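Colleague: If you scroll down you'll find the structure; I have some questions about it.
The values are calculated or read from the model by the stated rules, or taken from the named source; none is laboratory data. Quick caveat: nothing in here was measured; it's all calculated off a predicted structure. Positions of Cβ are backbone-derived with ideal geometry, glycine not excepted, and every protein chain shown enters the neighbour counts. Note: accessible area is taken over every heavy atom of the protein model, side chains too, but ligands, DNA and RNA are not part of it. Shrake-Rupley method; radii C 1.70, N 1.55, O 1.52, S 1.80 Å.
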Amino acid sequence: MISTNNVSLSYGKRTLFEDVTIKFIPGNCYGLIGANGAGKSTFLKILSGDIDPNTGTVDIPANARLAVLKQNHFEYDEYPALQTVIMGHKRLWSIMEEKDAVYAKPDFNEEDGLRAAELEGEFADLEGWNAEYEAAELLSGLGITENLHHAQMKDLSGSEKVRVLLAQALFGNPDILLLDEPTNHLDAESIMWLENFLDNFQNTVIVVSHDRHFLDAVCTHVADIDFGKIKMYAGNYGFWYQSSQLALKQRSDANKKTEDKRKELEEFIRRFSANASKSKQATSRAKLLEKLTVDDIQPSSRKYPYIAFKPEREAGNQILNVENLSKSVDGQPIFTDITFMVDKGDKIAVIGRNDIAASTFFKILFEEEKADSGEFKWGTTITSSFFPKDNQEFFNTDLNLVDWLRQYSVEKDESFIRGFLGRMLFSGEESLKKANVLSGGEKVRCMFSRMMLQSGNVLVFDEPTNHLDLESIQALNNSLRDFDGTILFSSHDLQFVDTIANRIIELTPNGIIDKRMTYEEYLSDETIKELRKKMYATAVV
């Protein structure tokens, strides 16, 4: 167990937490949520001891081992990947080092023999003989192939380093596990492996993530940072989100009787509990939800942007035709002989194991890069709008946001421009911010405003959920799900893809896999799994 007692933290006049007293119990997985800037990562650092609060204490049992997902990707550059994982268990690693040093002594004596025996005993108690096997199993589960297990960390890619550091945090069955954005840089298969690992994990987990599917899959509780406090809710993120929306609805129904609200709440809990997919979640939820009252469910202070893409004109039946398109980067093919036709109303998720495959494909469609061979043709009625993964070039200016957005609008009236900015939560003085000082999430919301003004009937998005908070992701998800036009997009957010796409196209070095189905169906189909293995069998990705 890990708990806090009256923890407070302020920076100048800004208070992040005030008198937070909360307990995290073994056997549960807690999703720590809150708006951007609410202090999620900061609270994890308080729990880990990296930051001291202004007041209050963090209490951890003396014999409990706490593990943290490290954010410094260069800390272990001089060590092999397998050793880096084992170093996550500090006591075990120190025993291994001392044991090796004792046995290496040229003048090994009786005292050294006694010390070696002590170390061997503790090494056995900590299951040190299984350490390399367990570390290798974790690395393989997270997509680090065996040929990289003994590679130096400095020789691994950024994505591979993240996976090794995640394996390090998971190693050795820690009593308390703190994970800050653990699904970053993981592919769908690795995320699903991590979900299964945490579902079977018996100790305490506290996780920060913008991946809603992941939070729904692993969390038994949600710890919500709001108004400088942290309130605990039973259930996963989906339950918290829907219950907070119910609370808003009930609060707006001022004349509704308490008895009617209670019945509405009971029906909501009954429906949600029936949908539990994980046994650990179902058991926890069943015990705790039955104790809920109308007053327990409260609306959040969060603000959701209003995102609505409305085509200026309807697209014809000819959308996009791609024929024999191929592209290599640094001598390695990232996709070859890509041929397909986009149909009206398609919502296509473009995926690939090589992270740059979809980005490069989209850049070719918008003539920012050239294909090695092949061609494509947009329909004559198409007005396409593109959201690039890298948007920095749009913001290399000191224009304020009103003037920045005015560049992309036929209507120049300031109140009209401010209306679009207001939908993206830039109101009052916020709309006069300089474009070159915006955060990553603010830039993304500005790009959405730009796209809404373009009124395209075909939307193309390259990783649009990067940098966004959960509220903005939810708003974008809802908007694209309801959009009547055609969409091509890439995303690592499984729930985002699964709830929007009606067609999956995977770009591989040996052609494409093109299936009309949901993403969940695509990932679970055994025939497709075998096909994917063949498509990548001879590829370097």
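Colleague: Going by the structure shown, is PHE461 within 21 Å of ALA308 (Cβ to Cβ) and outside any strand (DSSP E or B)? So that I can check it myself, show each step before the final result.
Modeller: Working: within 21 Å of ALA308 (Cβ to Cβ): yes; outside any strand (DSSP E or B): no.
Judged against the criteria, PHE461 is not a match.
Colleague: In addition: Answer yes or no: is there a residue in the range 182-189 that is touching a Lys or Arg at 6+ places or on another chain (Cβ under 6 Å), under 27 Å from LEU215 (Cβ atoms) and in contact (Cβ under 8 Å) with a residue 12 or more places away in the chain. Break it down stepwise before answering.
Modeller: To start, the set of residues in the range 182-189 that are touching a Lys or Arg at 6+ places or on another chain (Cβ under 6 Å) comprises none.
Checked the range 182-189: no residue is touching a Lys or Arg at 6+ places or on another chain (Cβ under 6 Å), under 27 Å from LEU215 (Cβ atoms) and in contact (Cβ under 8 Å) with a residue 12 or more places away in the chain.
Colleague: Also, I was wondering about something else. Find all pairs meeting these conditions: Cβ atoms under 8 angstrom apart; at least six residues apart or on different chains; first residue within the range 315-341 and touching a residue at least 12 places away in the same chain (Cβ under 8 Å); second residue part of a strand (DSSP E or B) and basic (Lys, Arg).
Modeller: That search, which allows pairs on different chains as well, returns LEU320/LYS377; ASN321/LYS377; PRO333/LYS327; ILE334/LYS327; PHE335/LYS327.
Colleague: Within the range 131-152, is there a residue that is within 15 Å of MET87 (Cβ to Cβ), open to solvent by less than 20 Å² (accessible area, probe 1.4 Å) and more than 27 Å from the chain's Cα centre (by Cα)?
Modeller: yes
Colleague: Okay, moving on. Please verify whether GLY49 is open to solvent by less than 30 Å² (accessible area, probe 1.4 Å) and modelled with pLDDT under 95, treating the condition exactly as stated. Write out each step before concluding.
Modeller: Details: open to solvent by less than 30 Å² (accessible area, probe 1.4 Å): no; modelled with pLDDT under 95: yes.
So GLY49 does not fit the description; no.
Colleague: Return the total of residues in the range 106-130 being open to solvent by less than 100 Å² (accessible area, probe 1.4 Å) and without any contact (Cβ under 8 Å) to a residue 12 or more places away in the chain. First the steps, then the outcome.
Modeller: Let us first name the residues in the range 106-130 that are open to solvent by less than 100 Å² (accessible area, probe 1.4 Å), namely 108-109, 112-113, 115-117, 119-124, 126, 128, 130.
Keeping just the survivors that are without any contact (Cβ under 8 Å) to a residue 12 or more places away in the chain gives 108-109, 112-113, 117, 121, 124, 130.
Number of matching residues: 8.
Colleague: Still on this model: Take the residues in the range 321-349 that are more than 30 Å from the chain's Cα centre (by Cα) and among the aliphatic types (A, V, I, L, M); name whichever of them is farthest from ASP372 (Cα to Cα).
Modeller: MET341
Colleague: Show the residue pairs meeting these rules: Cβ distance below 7 Å; 6+ apart or different chains; first residue within the range 511-536 and outside the structural domain of HIS213 (by the TED database) and touching a residue at least 12 places away in the same chain (Cβ under 8 Å); second residue of a type in the set (Asp, Glu) and open to solvent by 20 Å² or more (accessible area, probe 1.4 Å).
Modeller: Correct list of pairs: GLY511/ASP337; THR518/ASP498; TYR519/ASP498; GLU520/ASP498.
Colleague: Being closer than 25 Å to ALA188 by Cα and acidic (Asp, Glu) narrows it down to one of ASP337, ASP403, so name that one. If you could, list the steps in order and put the result at the bottom.
Modeller: Values: ASP403 fails: closer than 25 Å to ALA188 by Cα.
Result of the check over ASP337, ASP403: ASP337.
Colleague: If you go through the range 501-536, how many residues are open to solvent by 70 Å² or more (accessible area, probe 1.4 Å) and either of a type in the set (Phe, Trp, Tyr) or under 14 Å from PHE335 (Cα atoms) (or both)?
Modeller: The number of residues fulfilling the criteria is 1.
Colleague: Taking the range 486-500 on its own, how many of its residues are among the small types (Gly, Ala, Ser) and open to solvent by 10 Å² or more (accessible area, probe 1.4 Å)? Quick ask: steps written out before the conclusion?
Modeller: So in the range 486-500, the residues among the small types (Gly, Ala, Ser) come out as 490-491.
Next cut, open to solvent by 10 Å² or more (accessible area, probe 1.4 Å) only: 491.
Count: 1.
Colleague: Of the residues that make up the range 154-161, is at least one more than 31 Å from the chain's Cα centre (by Cα) and farther than 23 Å from LEU194 by Cβ?
Modeller: The answer is no; no qualifying residue exists.
Colleague: Can you name the residue in the range 207-228 that is part of a strand (DSSP E or B) and either among the acidic types (Asp, Glu) or outside the structural domain of ASN184 (by the TED database) (or both) and is also farthest from the chain's Cα centre (by Cα) among such residues?
Modeller: First pass over the range 207-228, keeping only residues part of a strand (DSSP E or B): 207-208, 221-226.
If we keep only those that are either among the acidic types (Asp, Glu) or outside the structural domain of ASN184 (by the TED database) (or both) too, we end up with 224, 226.
Working: ASP224: 17, ASP226: 21 Å.
Only one residue tops the list, namely ASP226.
Colleague: Any residue in the range 63-91 that's over 20 Å from GLY128 (Cα atoms): show its pairings with residues that are open to solvent by 20 Å² or more (accessible area, probe 1.4 Å) and among the hydroxyl-bearing types (Ser, Thr, Tyr) at Cβ separation under 6 Å, as long as the two are six or more apart or on different chains.
Modeller: VAL68/SER48
Colleague: Return only the number of the condition from (1) crowded, with 23+ Cβ neighbours inside 10 Å; (2) more than 25 Å from ARG65 (Cα to Cα) that GLY158 does not satisfy.
Modeller: (1)
Colleague: Something else about it: Hey, does the range 449-461 have a residue that's open to solvent by 10 Å² or more (accessible area, probe 1.4 Å), modelled with pLDDT under 95 and on the phi > 0 side of the Ramachandran plot?
Modeller: Yes, the range 449-461 contains at least one residue that is open to solvent by 10 Å² or more (accessible area, probe 1.4 Å), modelled with pLDDT under 95 and on the phi > 0 side of the Ramachandran plot.
Colleague: Please go through the range 181-193 and pick out each residue that is surrounded by 21 or more Cβ atoms within 10 Å (Cβ to Cβ) and either touching a Leu at 6+ places or on another chain (Cβ under 6 Å) or at pLDDT 95 or above (or both).
Modeller: Of everything in the range 181-193, just one residue is surrounded by 21 or more Cβ atoms within 10 Å (Cβ to Cβ) and either touching a Leu at 6+ places or on another chain (Cβ under 6 Å) or at pLDDT 95 or above (or both), namely PRO182.
Colleague: Taking the criterion of being touching a residue at least 24 places away in the same chain (Cβ under 8 Å), closer than 22 Å to VAL207 by Cβ and surrounded by fewer than 17 Cβ atoms within 10 Å (Cβ to Cβ), would at least one residue in the range 7-17 satisfy it? Full working, then the answer.
Modeller: As a first pass, look at the range 7-17 and keep what is touching a residue at least 24 places away in the same chain (Cβ under 8 Å): 7-10, 15-17.
Next cut, closer than 22 Å to VAL207 by Cβ only: 7, 9, 16-17.
Next, from what is left, pick out any that are surrounded by fewer than 17 Cβ atoms within 10 Å (Cβ to Cβ): none.
Scanning the range 7-17, I find no residue that is touching a residue at least 24 places away in the same chain (Cβ under 8 Å), closer than 22 Å to VAL207 by Cβ and surrounded by fewer than 17 Cβ atoms within 10 Å (Cβ to Cβ), so the answer is no.
Colleague: Out of the residues in the range 282-340 that are of a type in the set (A, V, I, L, M, F, W, C) and modelled with pLDDT under 60, state the one that is nearest to SER359 (Cα to Cα). Step through it out loud before you land on a result.
Modeller: Narrowing the range 282-340 to residues of a type in the set (A, V, I, L, M, F, W, C): 282, 286, 288-289, 292, 294, 297, 307-309, 315, 319-320, 322, 325, 329, 334-335, 338, 340.
If we keep only those that are modelled with pLDDT under 60 too, we end up with 282, 286, 288-289, 292, 294, 297.
Details: ALA282: 39, ALA286: 44, LEU288: 45, LEU289: 44, LEU292: 46, VAL294: 47, ILE297: 42 Å.
Here the residue is ALA282.
Colleague: Are any residues in the range 86-141 of a type in the set (Phe, Trp, Tyr) and within 30 Å of MET192 (Cα to Cα), and if so, which ones?
Modeller: Here is the first cut: in the range 86-141, the ones of a type in the set (Phe, Trp, Tyr) are 93, 103, 108, 123, 129, 133.
Correct list: TRP93, TRP129, TYR133.
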